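The structure appears below as structure tokens.
The values are calculated or read from the model by the stated rules, or taken from the named source; none is laboratory data. Please read these numbers as outputs of a predicted model, since none were measured by experiment. With ideal geometry, Cβ positions are generated from the backbone for all residues, glycine too; neighbour counts draw on all protein chains shown. With ligands, DNA and RNA removed, areas are computed over all heavy atoms of the protein, side chains included. Shrake-Rupley method; radii C 1.70, N 1.55, O 1.52, S 1.80 Å.
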Amino acid sequence: MKKRAQSLVSIQGMCFTAGGLDILHDINMQVLPGDFISIIGPNGGGKTTLLRLILGLIKPTRGSILVNGDNPRSTRTPVGYVPQHVNHNLSFPVTSLDVVLMGLFNPARRGRFRNTTEEKDRAHAILDKMGIADCADRKIKALSGGQRQRVLIARALISEPELLVLDEPTASIDTKGRTDFYELLKTLNEELTILMVSHDLMIVSSYAKSIVCLNRCMHYHQSFSSSKDVIDAYHSCSVEEVCPLGVVSENQV
Amino acid sequence: MIEALGFGFMQNALLAGLLASVICGVIGSYIVVNRLVFLSGGIAHSAYGGIGMAFYFGWPYLISAAGFSLAISMVMAAVSLRNRERADTIIGVMWAIGMATGILLLDMTPGYNVDLMTYLFGNILMVPVSDIVAMIVMVAVICSVMFYFHGDLLIMSYDEEFAQVRGVPVRLLYFLMIGLVAVTVVLMVQVVGLILVIALLTIPPYIAEKYTNSLYQMMFLSTILGMIFILGGLWWSYTHDLTSGASIIFIAGFGFCLSLIIDRLINLRRKKVWERAHEISTPR
């Protein structure tokens, strides 16, 4: 169907179990450069677990995951991560600029105490791109939820990743903020690959290029014509685990 | 007060106080931003078991207490990593068992007649030179660990999951940090005692956190605040013949309340400015 490019993430026959429960079963998935994939599925369907596996935070019980042809644990992996919770550790004494600079951390450069002017300029430039240049010197406590979200994306982007992984990024943003946010992702998608978990079924259909339904097993949907299709797919997954849209078991992709 | 500086014990006390404020400023900041206050309280109180062992077996105090609290802190760290939701319960249990062990061992020590109060409330005026040497070593250790791992510790304190993604050895550093807390607590016992050490570890960083923009500024300001509290408490206890540990903590507590009042005043002022601005822009 699609020409085989060098895939960014390649998952084969992967299972993950915790405490005897089958959380993910026989997952096959390829993320190709330029993809904008949204993962949807019911609570407990294993969405966050899949992201954690791709990030190398946990190891698969069976099967394999390769990120850019490499073990996800290797620190050279060009993956940027935006966590679900933006309102955590708010009292921490840190400015937005310093949070962004944290994204440059590299264990190989331990012992260097200060960030160079060039790195600070880069952080400023990325904050500017996110539209929050004026927040650079403000403490994170003094920002709104949406601004904090952008700071966290900037933190993920400063290391110039090829793949951006987001876990329910819009959980703490209002409706207007969500649309803005997806527009932003769309712009970012011109340069990098995006993989995210989202519950915004309606919006997702008009932004994501393909959708993955995850409820223990995985169902892959190439594209959607309307949000109704998304909802159908969503319900089919959670109720019967069958895909009516007749799509593509992953090994054909 | 000036003539008091001529006494050897007073010079030792001042030196110990200054070293203590550096240690508390740095370690206390990590404790506050990582929300380890309860865990540190558990370590401080269970250190009493180590003191009991020192007397019962006749081991040297500093080594015995430090070894015991290091061991117990490693168990607490492992528990809190494994079972995060109920970690506080288990820490509370170990806190009580550690203290009970200490008391039982002291009961069983033949001819026991040590003044318990010294360990519970400390006495900065009786800090031996060996403790000051140990504190200097500790300051050196803390500073070198902090300089080497500053990036790791900063990212990990702010966002543990992200730190893991970026390749920070989170588990290892968590154990290292808690180990440093354990040794710190034991060293502070001489200055303010087991019960009050938590106040000295948390009050200066808590105040500093609100007025600073980075972790290092926070550490610096809390060190300065710690110095003010310790020296103030020392002076107060000397002039009025009071228990030094309690005086230091009382001064720190006073500073804590003062900071809350200052916060209030700042907020009120901001509100006033806002109200005035709105009166001008909306003429009646």
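How many residues does region B:51-82 contain that are modelled with pLDDT of 90 or more, of a type outside the set (A, V, I, L, M, F, W, C) and more than 17 Å from the chain's Cα centre (by Cα)?
The qualifying residues number 1.
Here's the yes/no breakdown for (1) more than 30 Å from B:His240 (Cα to Cα); (2) open to solvent by less than 10 Å² (accessible area, probe 1.4 Å):
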{"site": "B:Met10", "(1), (2)": "no, yes"}
{"site": "B:Asn34", "(1), (2)": "yes, no"}
{"site": "B:Ser69", "(1), (2)": "yes, yes"}
{"site": "B:Ser73", "(1), (2)": "yes, yes"}
{"site": "B:Asn83", "(1), (2)": "yes, no"}
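Can you tell me which residue in region B:126-184 is least open to solvent (accessible area, probe 1.4 Å), limited to those that are among the polar types (S, T, N, Q) and in contact with a Gly (Cβ under 9 Å, 6 or more places away or on another chain)?
B:Thr184
Residues are listed down the side, and each one gets a yes or a no for (1) surrounded by fewer than 18 Cβ atoms within 10 Å (Cβ to Cβ); (2) more than 9 Å from chain B (Cβ to nearest Cβ); (3) basic (Lys, Arg):
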site	(1), (2), (3)
A:Ile58	yes, yes, no
A:Val86	no, yes, no
A:Ser91	yes, no, no
A:Thr95	no, no, no
A:Met102	no, no, no
A:Leu127	no, yes, no
A:Gly146	no, yes, no
A:Leu152	no, no, no
A:Leu164	no, yes, no
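Being more than 19 Å from A:Gly13 (Cβ to Cβ) and in contact (Cβ under 8 Å) with a residue 40 or more places away in the chain is the filter here; which residues of region A:48-59 pass it?
Of everything in region A:48-59, those that are more than 19 Å from A:Gly13 (Cβ to Cβ) and in contact (Cβ under 8 Å) with a residue 40 or more places away in the chain turn out to be A:Thr48, A:Leu55.
Would you confirm whether or not region A:186-193 contains a residue that is open to solvent by 70 Å² or more (accessible area, probe 1.4 Å), part of a helix (DSSP H, G or I), on the phi < 0 side of the Ramachandran plot and touching a Phe, Trp or Tyr at 6+ places or on another chain (Cβ under 9 Å)?
Within region A:186-193, the first condition is being open to solvent by 70 Å² or more (accessible area, probe 1.4 Å), and the residues that meet it are A:186-187, A:190-191.
Filter once more, keeping what is part of a helix (DSSP H, G or I): A:186-187.
Now drop any that are not on the phi < 0 side of the Ramachandran plot, which leaves A:186-187.
Filter again for touching a Phe, Trp or Tyr at 6+ places or on another chain (Cβ under 9 Å), leaving A:186.
Within region A:186-193 (the criterion being open to solvent by 70 Å² or more (accessible area, probe 1.4 Å), part of a helix (DSSP H, G or I), on the phi < 0 side of the Ramachandran plot and touching a Phe, Trp or Tyr at 6+ places or on another chain (Cβ under 9 Å)), the answer is yes, since at least one residue qualifies.
Can you tell me how many residues within region A:60-92 are without any contact (Cβ under 8 Å) to a residue 60 or more places away in the chain, in contact with a Pro (Cβ under 9 Å, 6 or more places away or on another chain) and not hydroxyl-bearing (Ser, Thr, Tyr)?
Going through region A:60-92 one residue at a time, the tally reaches 2.
Within region A:150-179, how many residues turn out to be at pLDDT below 85, in contact with a helix residue (DSSP H, G or I) (Cβ under 8 Å, 6 or more places away or on another chain) and part of a helix (DSSP H, G or I)?
Final tally of qualifying residues: 3.
Of the residues B:Ser29, B:Ser21, which is of a type in the set (Ser, Thr, Tyr), in contact (Cβ under 8 Å) with a residue 12 or more places away in the chain, closer than 20 Å to B:Leu173 by Cβ and open to solvent by less than 10 Å² (accessible area, probe 1.4 Å)?
Within the list B:Ser29, B:Ser21, the selection yields B:Ser29.
So, in region B:214-233, exactly how many residues are β-branched (Val, Ile, Thr) and open to solvent by 50 Å² or more (accessible area, probe 1.4 Å)?
Residues meeting the conditions: 2.
Mind telling me which of the residues A:His219, A:His199 ends up being touching a helix residue (DSSP H, G or I) at 6+ places or on another chain (Cβ under 9 Å), open to solvent by 20 Å² or more (accessible area, probe 1.4 Å), at pLDDT 55 or above and not in a helix (DSSP H, G or I)?
On the way: A:His199 fails: touching a helix residue (DSSP H, G or I) at 6+ places or on another chain (Cβ under 9 Å).
After ruling out the rest, the residue left standing is A:His219.
For region A:68-79, name all the residues that are at the interface with chain B (Cβ under 9 Å from one of its Cβ atoms) and at pLDDT 75 or above.
Within region A:68-79, just A:Val79 meets the criteria.
Yes or no: A:Thr116 among the polar types (S, T, N, Q) and more than 12 Å from chain B (Cβ to nearest Cβ)?
Yes.
Any idea which of A:Gly20, A:Gly34 is at pLDDT below 85 and of a type outside the set (Phe, Trp, Tyr)?
A:Gly20
Of the numbered conditions (1) within 27 Å of A:Thr179 (Cβ to Cβ); (2) open to solvent by 20 Å² or more (accessible area, probe 1.4 Å), A:Ile132 fails exactly one; give the number of that condition.
Result: A:Ile132 fails condition (2) only.
Here is a yes/no grid of residues against (1) open to solvent by 40 Å² or more (accessible area, probe 1.4 Å); (2) in contact with a Cys (Cβ under 9 Å, 6 or more places away or on another chain); (3) at pLDDT 80 or above; (4) of a type in the set (Ser, Thr, Tyr):
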{"residue": "A:Leu50", "(1), (2), (3), (4)": "no, no, yes, no"}
{"residue": "A:Ile54", "(1), (2), (3), (4)": "no, no, yes, no"}
{"residue": "A:Tyr81", "(1), (2), (3), (4)": "no, no, yes, yes"}
{"residue": "A:Asp98", "(1), (2), (3), (4)": "yes, no, yes, no"}
{"residue": "A:Arg109", "(1), (2), (3), (4)": "yes, no, no, no"}
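So, in region B:59-96, how many residues would count as being over 21 Å from B:Phe175 (Cβ atoms) and either among the aliphatic types (A, V, I, L, M) or touching a strand residue (DSSP E or B) at 6+ places or on another chain (Cβ under 6 Å) (or both)?
2
Please specify each residue of region A:1-31 satisfying the condition of being open to solvent by 30 Å² or more (accessible area, probe 1.4 Å), in a loop (DSSP other than H, G, I, E, B) and of a type in the set (A, V, I, L, M).
A:Met1, A:Ala5
Which of (1) within 14 Å of chain B (Cβ to nearest Cβ); (2) surrounded by 22 or more Cβ atoms within 10 Å (Cβ to Cβ) is the odd one out, the single condition A:Ile40 does not satisfy?
Looking at each condition in turn, A:Ile40 falls short on (1).
Sort out which residues of region B:138-155 are in a helix (DSSP H, G or I), over 24 Å from A:Asn87 (Cα atoms) and without any contact (Cβ under 8 Å) to a residue 60 or more places away in the chain, and write them in order of number.
Hits for region B:138-155 are B:Ala140, B:Val141, B:Ser144, B:Val145, B:Phe147, B:Tyr148.
Among the numbered criteria (1) touching a helix residue (DSSP H, G or I) at 6+ places or on another chain (Cβ under 7 Å); (2) within 17 Å of A:Leu214 (Cα to Cα), which single criterion is violated by A:Cys15?
(1)
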